[in-house]
Amino acid sequence: MPTRKSAQKTTTKKTAKKAVVTETKAAPSAAEVAEMKAAVLRHLNYTQARDEGTATARDWQLATSMAVRDRVLDRMIKTQEIHNDANARRLYYLSLEYLMGRLLISTLHNAGVYAATRQALDELGVDWEQVRRAEDDMGLGNGGLGRLAACFLDSLATLDLPAIGYGINYEFGLFRQAFDENGNQIEHPDSWMIYGTPWEFMHPEYQQEVQIYGHVENVFDDQGNYRPIWKCSHTLVGVPHDIPIPGYGTETVNILRLWTSRATEPLDLNAFNDGGYVEAVRAKATSETVSKVLYPNDKTENGKELRLVQQYFFVACSLKDIIRRHERIEGNGWHNFADKVAVQLNDTHPAIAVAELLRILVDEESMPWDDAWSIVTKTFAYTNHTLLPEALEKWSVPLFSRVLPRHLQLIYEVNRRHLEEVAAKWPGDNGMLQLCSLVEENGGKQLRMANLAVVGSHAVNGVAALHTELLKKDLFPYFNSLYPGKFRNKTNGITPRRWLVDCNPRLSALITETLGHEDWPRNLDLLQDLGKYADDAAFQKKFMDIKRANKVDLAKLIKELCDVEVSPDALFDVQIKRLHEYKRQHLNLLHIVALYRRLLQNPDLDVAPRVFLFAAKAAPGYDLAKNIIRAINVIGNRINNDERVKGKLKVVFLPNYRVSLAERIIPAADLSEQISTAGKEASGTGNMKLALNGALTIGTLDGANVEIKEEVGDDNIFIFGMTVDEVEALRASGYNPWDVYHADEELRAVLEWIDSDYFVPGEHHAFGPLYHSLLNGGDPFMALADFRAYSDAQAQVDLAYKDPQRWAKMAILNTARVGKFSSDRTIREYAEDIWNLPAVPTK
Ligand SMILES: *Cc1c(COP(=O)(O)O)cnc(C)c1O
């Protein structure tokens with residue numbers, strides 16, 4: 001493309017909405033292909049300094065990325081111009097995590113040039129598979145929370161909603177996982193951008209300085225007003241890196257802006273002049289550690305100082321950037337700030353924003369407290385992601401006061417006023433004051449960030465209907481009566497672009513062919529029409545042939561990664577998610593060992609052959625989770641090499657679970673394991689991805705499983721186990737796992753077998769931590785209590801799989817009926833109910 005506004009682009013614009021969508025289906029024009037070919041070659045030559053003969057897969061991947069990037073950038077610049085000219089209200093999504101995965105394929109699809117690019121590379125003789133695989137995942141998140149943020153960005157752009165995501169540009173994303181020869185997890189650093197990334201643009205002109213540490217001087221002005229001055233001792237510089245976020249079938253391209261920390265001065269010149277060269281560089285390195293690495297803990301907070309600094313750093317940079325953008329437009333000021341700015345807090349990680357905006361208004365703008373507080377609460381809304389007590393963020397007051405002394409004072413003042421309200425509502429109720437306080441007093445004093453987020457926001461939402469009910473009833477009943485209407489539900493969703501169009505091209509093509517249109521990726525409810533064909537033998541065959549082809553592909557990958565042979569005719573039973581006790585991978589393992597035992601005792605047992613697939617990372621400091629990983633690896637290896645089971649049972653643990661691996665596993669899954677203890681999984685989104693790709697769910701009535709059941713119907717899902725109420729009742733009555741142990745002979749045998757040295761000869765109690773947690777440890781997530789019901793449900797799964805017509809019908813109805821779980825639906829609800837955010841068309 002010699003000029004930016006080429007003739008080709010103008011054509012795309014004129015043909016409006018539908019044409020962009022059909023680009024992926026209809027064969028691309030020869031001109032389009034030729035143009036893409038030229039663009040790729042130009043980048044290969046002049047950006048990568050390569051010729052066709054010597055180019056590696058990585059060179060092609062970069063050249064292709066840059067070719068499509070050029071198109072997206074034109075649209076991005078135009079989109080920002082339109083938003084600015086309209087002085088549009090914007091949504092700012094603040095998230096410490098974005099689990100984006102690879103960006104090439106999704107960008108090609110969203111920009112409408114996938115087919116042209118594939119053909120261009122074909123004609124150049126380039127192996128597409130190798131190009132695709134050459135891209136590193138952008139893995140700047142732990143799991144569901146970070147992936148949700150990524151899906152939301154896709155939907156916001158697709159729906160033409162003006163939005164900017166803010167986060168941290170971690171140099172190291174979530175660790176890469178490998179297994180040692182004993183089956184133990186090993187963590188390697190994820191230096192995903194060591195050779196740069198084509199998707200980020202540094203904008204030093206928008207860098208921000210952030211003050212931190214120091215002390216507060218109590219000063220009075222000449223009218224006797226208290227004017228505290230925060231004397232900071234450290235300055236951090238945040239440099240923004242922008243990633244274009246193109247919508248699907250629209251010209252809107254939003255921005256994800258990630259901050260990299262830099263030292264203010266390149267070197268401490270005094271130290272340098274004193275001959276302390278290394279000291280000087282070290283000071284610089286310390287400032288730059290802020291954006292160095294993502295904390296790998298999913299659902300556990302560890303109260304580390306650097307984590308608090310990371311949170312404040314990205315929040316302070318982002319708020320300054322938001323204010324700068326607001327004030328750049330004439331006529332804007334604080335009077336209309338909350339009309340133009342909506343900020344969503346993705347969990348409590350950015351909750352310090354409440355205190356930071358208040359500080360800016362009160363200290364820097366000298367605004368009266370009530371006016372400032374009114375702007376703050378109109379601006380923020382907060383999404384709660386978990387009820388697990390160990391995941392609710394708290395900061396020790398001494399630590400917090402060292403890092404953010406002025407914010408601590410402000411939070412105390414917020415609390416004083418807040419507790420007056422509480423006291424007015426419940427006079428004389430000291431217990432209520434303690435519950436509602438932003439400060440926890442027993443033990444060392446701690447700030448409760450969730451309470452700050454609730455008090456400082458105009459809306460608080462849970463992420464599935466059940467979770468929101470529990471939020472109102474169990475976690476925050478007092479806030480729910482103090483602030484009627486503040487709590488709402490926004491059931492999570494997933495983007496059907498990545499999780500069907502991009503990852504399952506075969507099924508996508510069948511859907512398009514069957515429905516006769518390509519509108520479904522933008523309106524997922526249209527999949528309902530597939531229901532008509534659920535009983536149609538020809539359609540069932542096509543649908544299941546696709547599933548089988550995807551399983552063949554996955555079987556190859558399994559062979560490559562794990563050196564295990566699996567049959568694509570076996571039932572692929574998958575549990576892929578972070579390793580956590582509440583998700584109960586160990587319940588799955590108990591059933592596998594029971595099945596193994598049944599097969600050894602009755603080699604002719606009539607069970608459908610199964611492959612149990614796991615993929616999961618454990619937090620590096622979570623010893624029990626790591627013991628469970630080792631147990632699955634070791635026991636699985638034993639089973640896989642036991643001729644006696646005649647290949648009826650295989651167990652595979654795929655290493656390094658991440659978005660791009662999920663995209664390979666999900667299209668090939670038959671069964672989706674969603675077996676958390678009821679009340680513990682806020683929503684889950686893996687459950688949605690799998691159902692959309694025609695996997696049946698075996699699950700508890702937890703999180704969004706409840707709503708998946710409502711959508712697909714009771715006949716098309718395998719629900720088992722205790723409900724939330726039953727879990728509570730059992731706990732209240734004093735749950736003792738030994739009772740279950742003594743009452744269930746098979747379970748007892750399984751547990752003792754695992755604890756024997758059968759699976760690891762010569763090593764005593766290799767899985768002692770697991771065994772202990774389930775028995776003397778009290779089985780906190782009640783795996784034993786649900787074991788029998790789970791095993792029975794698995795027997796139902798086995799029966800259903802042995803009836804191919806029945807299974808096919810169920811699978812088709814899953815795909816057809818989960819349109820509700822498009823993140824477009826979720827984002828529309830947020831936009832209408834929380835953000836009050838109108839769409840701004842870009843063409
Ligand atoms: C969707 C997704 C998750 C969340 O899975 P859950 O089963 O909802 O916990 C975690 N990690 C990755 C890579 C994902 O794609």
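If you go through region 517-533 one residue at a time, do you hit one that is basic (Lys, Arg) and surrounded by 16 or more Cβ atoms within 10 Å (Cβ to Cβ)?
Taking region 517-533 first, the residues basic (Lys, Arg) are 522, 532.
Going one step further and asking which of them are surrounded by 16 or more Cβ atoms within 10 Å (Cβ to Cβ), we end up with 522.
There is at least one residue in region 517-533 that is basic (Lys, Arg) and surrounded by 16 or more Cβ atoms within 10 Å (Cβ to Cβ).
Conditions (1) under 17 Å from the mean Cα position of the chain (by Cα); (2) closer than 25 Å to Glu364 by Cβ, marked per residue:
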site	(1), (2)
Arg132	no, no
Gly139	yes, no
Asp160	no, no
Ala163	no, no
Ile168	yes, yes
Glu181	no, no
His215	no, yes
Phe220	no, yes
Arg227	no, yes
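For Leu447, indicate whether it is part of a helix (DSSP H, G or I) and surrounded by 13 or more Cβ atoms within 10 Å (Cβ to Cβ). No, not satisfied. Considering only residues that are assigned to a loop (DSSP other than H, G, I, E, B) and not β-branched (Val, Ile, Thr), which ones fall in region 679-695? Selection gives Gly679, Lys680, Glu681, Ala682, Ser683, Gly684, Asn693, Gly694, Ala695. Filtering region 382-396 to residues that are crowded, with 18+ Cβ neighbours inside 10 Å and within 27 Å of Trp230 (Cβ to Cβ) leaves Tyr382, Glu393, Lys394, Trp395. Take region 440-470 and flag every residue that is polar (S, T, N, Q) and in contact (Cβ under 8 Å) with a residue 40 or more places away in the chain. The answer is Gln446, Ser457, Asn461.
When every residue of region 121-131 is checked against the conditions, at least one turns out to be hydrophobic (A, V, I, L, M, F, W, C), outside any loop (DSSP other than H, G, I, E, B) and without any contact (Cβ under 8 Å) to a residue 12 or more places away in the chain.
Among the criteria (1) surrounded by 22 or more Cβ atoms within 10 Å (Cβ to Cβ); (2) among the hydroxyl-bearing types (Ser, Thr, Tyr); (3) away from the ligand (no atom under 12 Å from the Cβ), the one Tyr741 does not fulfil is (1).
The single condition from (1) touching a strand residue (DSSP E or B) at 6+ places or on another chain (Cβ under 6 Å); (2) under 21 Å from Glu356 (Cα atoms) that Gly444 fails is (2). Name the single residue, out of those in region 77-102 being assigned to a helix (DSSP H, G or I) and surrounded by fewer than 23 Cβ atoms within 10 Å (Cβ to Cβ), that is farthest from the chain's Cα centre (by Cα). Top of the filtered list is Asp85. Going by the conditions given, is Asn687 within 20 Å of the chain's Cα centre (by Cα), under 27 Å from Gln540 (Cα atoms) and within 13 Å of the ligand (Cβ to nearest atom)? Yes, satisfied.
Is there a residue in region 473-495 that is over 22 Å from Asn346 (Cα atoms), among the acidic types (Asp, Glu), surrounded by fewer than 18 Cβ atoms within 10 Å (Cβ to Cβ) and in contact (Cβ under 8 Å) with a residue 40 or more places away in the chain? So far as region 473-495 goes, no, none of its residues is over 22 Å from Asn346 (Cα atoms), among the acidic types (Asp, Glu), surrounded by fewer than 18 Cβ atoms within 10 Å (Cβ to Cβ) and in contact (Cβ under 8 Å) with a residue 40 or more places away in the chain.
Residues are listed down the side, and each one gets a yes or a no for (1) at pLDDT 95 or above; (2) of a type in the set (A, V, I, L, M); (3) under 23 Å from Ile629 (Cα atoms):
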position	(1), (2), (3)
Arg118	yes, no, no
Glu135	yes, no, no
Leu145	yes, yes, yes
Phe152	yes, no, no
Thr158	yes, no, no
Gly167	yes, no, no
Glu181	yes, no, yes
Gly196	no, no, no
Trp199	yes, no, no
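Residue check: is Asp502 within 16 Å of the ligand (Cβ to nearest atom), of a type in the set (D, E, K, R) and out of contact with any Pro (no Cβ under 9 Å at 6 or more places or on another chain)? Considered against the rule, which asks whether it is within 16 Å of the ligand (Cβ to nearest atom), of a type in the set (D, E, K, R) and out of contact with any Pro (no Cβ under 9 Å at 6 or more places or on another chain), Asp502 comes out as yes.
Would you confirm, using the coordinates I've provided, whether Asp51 is assigned to a loop (DSSP other than H, G, I, E, B) and away from the ligand (no atom under 16 Å from the Cβ)? For Asp51, the condition - assigned to a loop (DSSP other than H, G, I, E, B) and away from the ligand (no atom under 16 Å from the Cβ) - is met.
Can you tell me how many residues within region 649-672 are more than 9 Å from the ligand (Cβ to nearest atom) and touching a strand residue (DSSP E or B) at 6+ places or on another chain (Cβ under 7 Å)? I'd like the intermediate steps shown before the answer.
Step one: of region 649-672, the residues more than 9 Å from the ligand (Cβ to nearest atom) are 649-656, 664-665, 667-671.
Checking the rest, the ones that are also touching a strand residue (DSSP E or B) at 6+ places or on another chain (Cβ under 7 Å) come to 649-656, 665, 668-671.
Residues meeting the conditions: 13.
Would you pick out the residues in region 138-170 that are within 16 Å of the ligand (Cβ to nearest atom) and assigned to a strand (DSSP E or B)? Result: Met138, Gly139, Leu140. Selection of first residues in region 671-691 that are more than 17 Å from Val659 (Cβ to Cβ) and of second residues that are in a loop (DSSP other than H, G, I, E, B) and within 7 Å of the ligand (Cβ to nearest atom), restricted to Cβ pairs under 7 Å at least 6 apart or on distinct chains, gives the following pairs, ordered by first then second residue: Gln674/Gly684.
With respect to Glu135, is the statement that it is more than 16 Å from the ligand (Cβ to nearest atom) and either free of Cβ contacts under 8 Å to residues at least 60 places away in the same chain or in a loop (DSSP other than H, G, I, E, B) (or both) true?
Numbers: more than 16 Å from the ligand (Cβ to nearest atom): no; either free of Cβ contacts under 8 Å to residues at least 60 places away in the same chain or in a loop (DSSP other than H, G, I, E, B) (or both): yes.
In short, no.
Filtered by the rule that a residue be out of contact with any strand residue (DSSP E or B) (no Cβ under 8 Å at 6 or more places or on another chain) and surrounded by 24 or more Cβ atoms within 10 Å (Cβ to Cβ), region 152-182 gives a lone residue, Thr158. Filtering region 756-776 to residues that are within 36 Å of the chain's Cα centre (by Cα) and assigned to a loop (DSSP other than H, G, I, E, B) leaves Phe759, Val760, His765, Ala766, Phe767, Leu775, Asn776. Any residue at all in region 702-714 that is assigned to a helix (DSSP H, G or I), more than 24 Å from Ala669 (Cα to Cα) and of a type outside the set (Val, Ile, Thr)? Taking every residue of region 702-714 in turn, none turns out to be assigned to a helix (DSSP H, G or I), more than 24 Å from Ala669 (Cα to Cα) and of a type outside the set (Val, Ile, Thr). Within region 476-497, being in contact with a strand residue (DSSP E or B) (Cβ under 7 Å, 6 or more places away or on another chain) and part of a helix (DSSP H, G or I) holds for Asn480, Pro496.
All told, Leu799 meets the bar of being without any contact (Cβ under 8 Å) to a residue 60 or more places away in the chain and more than 32 Å from the chain's Cα centre (by Cα).
Identify, please: which residue in region 103-118 is assigned to a loop (DSSP other than H, G, I, E, B) and either more than 20 Å from the chain's Cα centre (by Cα) or β-branched (Val, Ile, Thr) (or both) and is, among those, surrounded by the most Cβ atoms within 10 Å (Cβ to Cβ)?
Val113
Is at least one residue of region 382-402 farther than 22 Å from Ile834 by Cβ and touching a Ser or Thr at 6+ places or on another chain (Cβ under 8 Å)? Yes, that holds for at least one residue. The condition of being surrounded by 24 or more Cβ atoms within 10 Å (Cβ to Cβ) and under 20 Å from Ser683 (Cα atoms) holds for only one of Val455, Val460, that being Val460.
Taking the conditions (1) more than 15 Å from the ligand (Cβ to nearest atom); (2) within 27 Å of His765 (Cβ to Cβ) in turn, Asn602 satisfies each one other than (2). Within the bounds of region 86-109, is there any residue that is out of contact with any Asp or Glu (no Cβ under 8 Å at 6 or more places or on another chain), more than 16 Å from the ligand (Cβ to nearest atom), within 15 Å of Pro246 (Cα to Cα) and touching a residue at least 12 places away in the same chain (Cβ under 8 Å)? The answer is yes; a qualifying residue exists.
The values are calculated or read from the model by the stated rules, or taken from the named source; none is laboratory data. No experiment lies behind these values; they were computed from the predicted model shown. Methodologically, a virtual Cβ is constructed for each residue, glycine included, from the backbone with ideal geometry; neighbour enumeration extends over all protein chains shown.
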